[in-house]
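The values are calculated or read from the model by the stated rules, or taken from the named source; none is laboratory data. Owing to the predicted nature of the structure, the values given are computational and were not obtained by experimental measurement. As a convention, Cβ positions derive from the backbone with ideal geometry for all residues, glycine included, and neighbour counts pool all protein chains shown.
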Amino acid sequence: MHGTNAALTLETQAGAPLTVDVTVNGTAVICDRAGVAWLPGSGVLVVSDLHLEKGAAYARRGMMLPPYDTAMTLARLAAAIARYNPRLVVSLGDSFHDRKGSAHLPECYREQLQALQHGRAWTWIEGNHDPDRPVGLEGDFCSELKVETLNFRHEPKPGMTDGEIAGHLHPAARVVRRGKGVRRPCFASDGKRLLMPAFGATTGGLELRHPAMRGLFDRSRLMAHLIGKERIYSVAFSRMNG
Amino acid sequence: MSNGAHRNTNPVFAAIAFGSASAFLESLHGCTTLSVVKTESAPATDNPGFSLPEPFLGWFASRGWQPRAHQLELLAETITGRSMLLIAPTGAGKTLAGFLPSLTDLAARGKPKSGTAGARTLHTLYISPLKALAVDIERNLARPVEEMALPVRIETRTGDTPQSKRARQRTDPPDILLTTPEQVSLLIANQHAERLFSGLRYVIFDELHSLIASKRGHLLALALARLRKLAPGLQTIGLSATVADPEELQRWLVPQSPATDALAGRITVAGGASPHITILESEERIPWSGHSARYAIPEVYQTIKDHRTTLIFVNTRSQAELLFQELWRINDDSLPIALHHGSLDAAQRRRVEAAMGRNELRAVVATSTLDLGIDWGDVDLVVHVGAPKGASRLAQRIGRSNHRMDEPSRAILTPANRFEVLECQAAIDANYVGAQDTPPGGDGGLDVLAQHVLGMAAASPFDADDLYSEVSSASPYAQLDRETFDKIIEFVATGGYALKSYERYARIRKQPDGRWRISNPQVAQQYRLNIGTIIEAPMLNVRLTSRKNGTLTGRGGPPLGKVEEYFLETLAPGDTFLFSGKILRFEGIRENECMVSKAWDQDPKVPAYAGGKFPLSTYLADSVRAMIADPEKWSALPDQVSDWLRMQQQVSQLPARDSLLIETFPRAERFFMVLYPFEGRVAHQTLGMLLTRRLERLGAQPLGFVATDYSLAVWALEDMGSMIASGRLDLGELFDEDMLGDDLDAWLNESWMLKRTFRACAVISGLIERRHPGKEKSGRQVTVSADLIYDVLRSHEPDHILLRATRADAAQGLLDIHRLGAMLKRIKGHIRHRALEHISPLAVPIMLEMGREPVTGEAHESILAEAAEDLLAEAQS
């Protein structure tokens, strides 16, 4: 049965939270330190910006980045899927780093992905890095999907929204206290829109102050849920600098 | 004939040597401080041993001039086929000496017939670290070449040379090409390299001492090895200021082999008149700490008024900005005082340089961007503000004020705090005894080697055996083992990973004939775009906009220069800071530009952005220690400083030369431990990191530490003084050399310093591409993060060749491990602990730094927890 673990609020031994409950446009969403969002009401697990085969994409262009990113990303994805046992997995676009990624995917990784897909539904949302249906993999392929009160799309729609979960921007937050800053990838939500952190092992982040984020959120309500080493930290946007 | 009379009868002496054509001629003239006695009437042929050939002889004679002894000696030596190193002070005519062998050879050769091989190859390559220097030399060589009607064509080639001219130079090269190290690397990676360099006779390296200690020098050494292969008969001529270890330079100039220690010949010209250096005698109180030297501004201003043109050197850009601002604040006479540092917009810098050349300025506040040998008009005084961290750096800067060897240079040192008074005095002593300390060149970087290997493949297919013997003939790579070299080839080909998944994307491939060849022309293109070893921190343009009613108007406005991205990350909109001589308000970042507006504040809110701090050199540190330990030397110091040391003697004790003084005392509910190793900030920071780790384990509950060039302070919740007294804390154990083993490894792996080093190695080695200005993608989420790559590599392949290169670099430069190791060895069994009731006089400066300097250490996630708790508290209130 899907979603049996959903009700658990996960905590570390010290009582520090691994997840945080938020409401986005009326829908309950659990943001997990692992970088995934869980919709307990519908058994949907959301991941965004996997950027699989990023290393290989760079290698094709002559930059020999370490070839371990795909294995790392898939291992983390497998752990998250094992924890939530979702009915549906939505990969919110930029699942592959480039157009050749899925076609050139080494066989061992393809088998791992297929094993993860087994027994559940899977939707690939179209991203700017991967505008085509993944080659040789199961799952639906579309540019938008609606679940409960939320629209799933890769790029956030400019301006205020009617309820959305999006990726693309790789949000990160920088918290400054006592003259020192710590920057971490984060979930960002103002209650209407949820921006997902990038899940891929070698994906960078873009700060919430970046102009690309402008106009996406009601900043007075904007909360960042930062992905720490062992827990998740919630900090209001207005309090980033103390 | 006395020097003075000599000068008076020769108007050419009025010019500063080598800054202009007339000065160039002057530099040919008989020199006054050399051992060879010359008179104006005596023909040059009277010089024992060697004479100039025609038309040089006649040309000199027609002007009643003579070459200097070292110029002739160098010529004589090179004619026998030797490569040579010439060490001479500024103003000794050493650049001309370097060119004489080449010019005489070209004159003897005559004009090659067009279409012959000689017409299509370079004869002489002159390589300077500064492109401005190359341009200067071209101007200076032009006149004698013209007047003697020498059949010689001279051209420059720098990053500014138009593409069309560069292309023409490859097919129709000049006889003498004046260029920079990067351009040489580009030329040898070209497919025409073999023909272009086949007739190369001489390679002249100017300012060699400033090149070899850097990765830039490593790359140049590799390029030289290739040039030797293309033109086996070539000779090198190195020109250098005085250095601590000239043999290192002599080795650098000639091919090395495992069997022999080959050295180029050496000619050393003794220094000219002793420089006249004083420490600013201030009526004001010299501060305990800080770097601004604000107390001395009125006195510095007065010295500007008393001189024709003053060059004011500082150690950091923030100091330059601050000093400039303060000088203008009291500049009641509106003296033309300008600012010059590396972050300013290039056009602005050129304007300052031009005004300087026309003698329109009374003073320029500058950082090390002005360090190397270009002339700046009639400078009659150098003021150095702050500690002149290395004695050789000081010598170079003082050389600036006077390029005539026979006249003493004038300089005034202005220490910013009391420790700097000691340092300045030590530097003065060092300069008088002629002691110099440039850092050793070190082993060649593996990242540099990777770049070179790709370049060589781009030139033509190579055989690994041949390339290995070529590379190991370069002195920085003489110790390179074959296994490491092969790993570098693998790295260049596919990244060199244990997981072999990139074979099909390999950049270079081994052909059936055993030679390595680039896979496609794009690889060569990529190499050209990423050449070089100078990695700057990511910088953003600073653009001035104006505000109206609280909003920014348009985006126009002039660029002011560049600042490091990491500095901007610490700013919030509305913060004000000092840059380009103005107080600016940070407005925000738009794409890749930092938008600022003029602020009307009196003082900037964010005090500074520190760029480039030099550590205290080993030699100077030793002199400072010696001076403190020897009260007889204190008479040279200002009273307030010697009184301070005397107080220290009474209250605690003085740090001795060969031991380490440790003081412990309580203060404000904390317990402090202050150490005085005098090993420079970098080594102290490393020591601080390691000590706090150990103190943590020993239960002292350390809270933080702060490091300066002279001392290190650690504070903790536990009373470390009584821990030492009761034997719970064993100092011998605490400072055991084994801290450089496991503790270092454990800490290093987590350290941001290693990440920063890795980034440079990754770019230089070609693992990630340079960020080219204007070509960055907007939305930086698509660029590769070196930090993330580092993490991936460390967890999957901790022994990867690039991580090895990173650790070696960090140990050499960023962490000063060698210096720390030497210190731990020196103090073993010589640790003196003083348990005090109160802070000691010597501890005051570092205690004052505590509030100002950021506490060194990593930014921890505890900050996030704190922020998250804020929220919780707010929710519950």
Enumerated helices (runs of 4 or more DSSP H) restricted to segment B:688-766, each holding at least 1 residues that are within 25 Å of the chain's Cα centre (by Cα) and in contact (Cβ under 8 Å) with a residue 40 or more places away in the chain
B:742-750, B:752-764
Conditions (1) on the phi < 0 side of the Ramachandran plot; (2) in contact with a strand residue (DSSP E or B) (Cβ under 6 Å, 6 or more places away or on another chain); (3) at pLDDT below 95; number of the one not met by A:Leu150
(3)
With modelled with pLDDT of 80 or more and not small (Gly, Ala, Ser) as the only criterion, which of B:Phe678, B:Phe614 stands out?
B:Phe678
Do we have A:Gly159 as within 19 Å of the chain's Cα centre (by Cα) and within 21 Å of A:Leu206 (Cβ to Cβ) here?
no
Which residues, taken from segment A:211-240, are in contact with a Gly (Cβ under 9 Å, 6 or more places away or on another chain), on the phi < 0 side of the Ramachandran plot, part of a loop (DSSP other than H, G, I, E, B) and surrounded by fewer than 20 Cβ atoms within 10 Å (Cβ to Cβ)?
A:Asp218, A:Arg221
Positions within segment B:414-441 being under 26 Å from B:Ser240 (Cβ atoms), surrounded by fewer than 24 Cβ atoms within 10 Å (Cβ to Cβ) and modelled with pLDDT of 75 or more, in sequence order
B:Ile428, B:Asp429
So which strands (runs of 3 or more DSSP E) are wholly in segment B:107-187 and hold at least 3 residues that are of a type in the set (A, V, I, L, M) and within 27 Å of B:Trp59 (Cβ to Cβ)?
B:176-179
Quick one: is B:Tyr502 touching a residue at least 40 places away in the same chain (Cβ under 8 Å) and on the phi < 0 side of the Ramachandran plot?
no
Name the pairs whose Cβ atoms lie under 9 Å apart, with the first residue in segment B:817-829 and modelled with pLDDT under 85 and β-branched (Val, Ile, Thr), the second in a helix (DSSP H, G or I) and surrounded by 16 or more Cβ atoms within 10 Å (Cβ to Cβ), and 6 or more positions between them or separate chains?
B:Ile817/B:Ala683; B:Ile817/B:Thr686; B:Ile817/B:Leu740; B:Ile817/B:Leu744; B:Ile817/B:Ala810; B:Ile817/B:Ala811
Would you confirm whether or not segment B:506-526 contains a residue that is over 19 Å from B:Asp463 (Cα atoms), touching a residue at least 40 places away in the same chain (Cβ under 8 Å) and either under 35 Å from the mean Cα position of the chain (by Cα) or not assigned by TED's automatic domain parsing to the domain that holds B:Leu187 (or both)?
yes
State all residues of segment A:177-186 that are over 22 Å from A:Thr23 (Cβ atoms) and crowded, with 19+ Cβ neighbours inside 10 Å; if no residue qualifies, say none.
A:Arg177, A:Val182, A:Arg184
Looking at segment B:190-248, which of the residues that are of a type in the set (Ser, Thr, Tyr) and buried (at least 21 other Cβ atoms within 10 Å of the Cβ) is farthest from B:Arg82 (Cα to Cα)?
B:Ser210
If I ask for residues that are closer than 19 Å to B:Ala416 by Cβ and either in contact (Cβ under 8 Å) with a residue 60 or more places away in the chain or in contact with an Asp or Glu (Cβ under 9 Å, 6 or more places away or on another chain) (or both), which ones from segment B:329-363 would you list?
B:Leu339, B:His341
Selection from segment B:319-338 of residues of a type outside the set (Asp, Glu), in a helix (DSSP H, G or I) and touching a strand residue (DSSP E or B) at 6+ places or on another chain (Cβ under 8 Å) yields B:Gln319, B:Ala320, B:Leu322, B:Leu323, B:Phe324, B:Gln325, B:Leu327, B:Trp328
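In this structure, does A:Ser189 turn out to be at the interface with chain B (Cβ under 8 Å from one of its Cβ atoms), under 19 Å from A:Asp21 (Cα atoms) and polar (S, T, N, Q)?
no
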When segment B:59-91 is examined, which residues are found to be touching a strand residue (DSSP E or B) at 6+ places or on another chain (Cβ under 9 Å), hydroxyl-bearing (Ser, Thr, Tyr) and in a helix (DSSP H, G or I)?
B:Thr78
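One line per residue, one yes/no per condition, for (1) more than 24 Å from B:Val763 (Cα to Cα); (2) at pLDDT 95 or above:
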position: B:Leu150; (1), (2): yes, no
position: B:Thr156; (1), (2): yes, no
position: B:Ser185; (1), (2): no, yes
position: B:Tyr202; (1), (2): yes, yes
position: B:Phe205; (1), (2): yes, yes
position: B:Ser214; (1), (2): no, no
position: B:Lys229; (1), (2): yes, yes
Note on segment A:200-223: residues more than 23 Å from A:His97 (Cα to Cα) and of a type in the set (A, V, I, L, M) are A:Leu216, A:Leu222, A:Met223
Subset of segment B:490-509, residues assigned to a helix (DSSP H, G or I) and either at the interface with chain A (Cβ under 8 Å from one of its Cβ atoms) or crowded, with 22+ Cβ neighbours inside 10 Å (or both), comes to B:Phe491, B:Val492, B:Ala493, B:Thr494, B:Tyr505
Exactly one of (1) surrounded by fewer than 18 Cβ atoms within 10 Å (Cβ to Cβ); (2) part of a helix (DSSP H, G or I) is unmet by B:Ala262. Its number?
(2)
Looking only at segment B:745-769, count how many residues are modelled with pLDDT under 75 and within 14 Å of chain A (Cβ to nearest Cβ).
2
Taking the criterion of being in contact with a helix residue (DSSP H, G or I) (Cβ under 8 Å, 6 or more places away or on another chain), more than 13 Å from every other protein chain (Cβ to nearest Cβ) and more than 25 Å from A:Arg33 (Cα to Cα), would at least one residue in segment A:114-136 satisfy it?
yes
Given the criteria surrounded by 20 or more Cβ atoms within 10 Å (Cβ to Cβ) and under 22 Å from B:Pro558 (Cβ atoms), does B:His291 qualify?
no
Filter segment B:467-489 down to the residues that are out of contact with any Gly (no Cβ under 8 Å at 6 or more places or on another chain), polar (S, T, N, Q) and part of a helix (DSSP H, G or I), then identify the one that is nearest to the other protein chains (Cβ to nearest Cβ).
B:Thr484
Contact list, first residue from segment B:624-640 and within 16 Å of B:Arg418 (Cβ to Cβ), second anywhere and among the polar types (S, T, N, Q), beta-carbon distance below 7 Å, six or more apart or interchain, is B:Met627/B:Gln425; B:Trp634/B:Ser642; B:Ala636/B:Gln425; B:Leu637/B:Gln425
Residue identified as free of Cβ contacts under 8 Å to residues at least 40 places away in the same chain and within 13 Å of another protein chain (Cβ to nearest Cβ) among A:Arg221, A:Arg183, A:Arg174:
A:Arg183
